[in-house]
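A.B. asks: Input: one structure, supplied below.
Values in this text are rule-based calculations from the coordinates and carry no lab data. Since the model is a prediction, treat every value here as computed from it, not as a measurement. Using ideal geometry, Cβ is built from the backbone for each residue, glycine included, and neighbour counts are taken over all protein chains shown.
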Amino acid sequence: RTHLYPPLGLLLLAGLGAAALALYLFAGLAEEVHEGDIRHFDEAVFALSNRVASPTLTAFMRGVTWLGSNEFLAGAGACGVLAFVLARWRRAAAALLVTMAGAALLNFALKVAFRRARPEPFFDTPLPDSYSFPSGHALLSFCFYGVIAAAVAARLNGVGTRVLVWAAAALLVGLIGLSRLYLGVDYPSDVLAGYAAALVWVMAVAVGDRLLKARGSRTRPAACRRKR
């Protein structure tokens, strides 16, 4: 049974390191937002976005941003949980449900705490009713596509296919954040803060899941253990 401890220790160490880095970034962004010193950075990114604008790119970005919307992620999340349950991926179903429910609460609490007004949108994009900081699209899409990638990659053979799954998830999450900047509905600092907060939450869930799995493996007889 001692083989359980080294992976668990490494996971805890990596999780704590990533969480500490993300929290440091988030705290720095929050302080800059509070003091107003990050305005020049936000304006520079918006100016760059406007220089590359085109009707085709605008239509593409609107489609991409929809993949990170509350409406889409709520439906996709419910379908994902159901699909995992039907496939008997019970741990993955629980992880997805807990991650998305917690992410929604975290997003709401942070927005209410900072109450940052949204920027003026581009291309006649309607503004959401919620506050701007942090970006809910960035936070929720990071959590959703990250958990989906982790669940799928863990059940694939071959390093190449796993890398492709993770790369696809990372690309999609990155594009969703970029679409918020292109459309002018979130500040760049909002998107970065959303990613930082999501990383902290996802790592916390991953560590908790690993701890529960390790504890369950130690308490169940060897004949009763089954890979899920």
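A.B. asks: Taking 41 Å as R0, compute the FRET efficiency from the Cβ-Cβ separation of VAL85 and GLU32 and round it to 0.05.
C.D. replies: Details: r = 43 Å, r/R0 = 1.04.
Step by step, r from the Cβ atoms, then E = 0.45.
A.B. asks: Here's something else I'd like to know. Assuming 0.36 nm per residue, please report the length gained on full extension of the stretch ASP124 to SER69 beyond their Cα-Cα distance.
C.D. replies: On the way: separation 55, 0.36 × 55 = 19.80 nm, distance 1.75 nm.
In short, 18.0 nm is gained.
A.B. asks: If you don't mind, another one. Please give the residues of segment 68-111, grouped as numeric ranges, whose backbone N is less than 15 Å from a label point set 7 Å along the Cα-to-Cβ vector of LEU164.
C.D. replies: Answer for segment 68-111: none.
A.B. asks: Given points 7 Å out from each Cα along the Cα-Cβ axis, report the ALA76 to GLU43 separation in nanometres with one decimal.
C.D. replies: That separation, rounded to one decimal, is 3.5 nm.
A.B. asks: Could you give the nm distance between label points at TYR24 and ALA153, where each point is 7 Å from its Cα heading toward the beta carbon?
C.D. replies: 2.3
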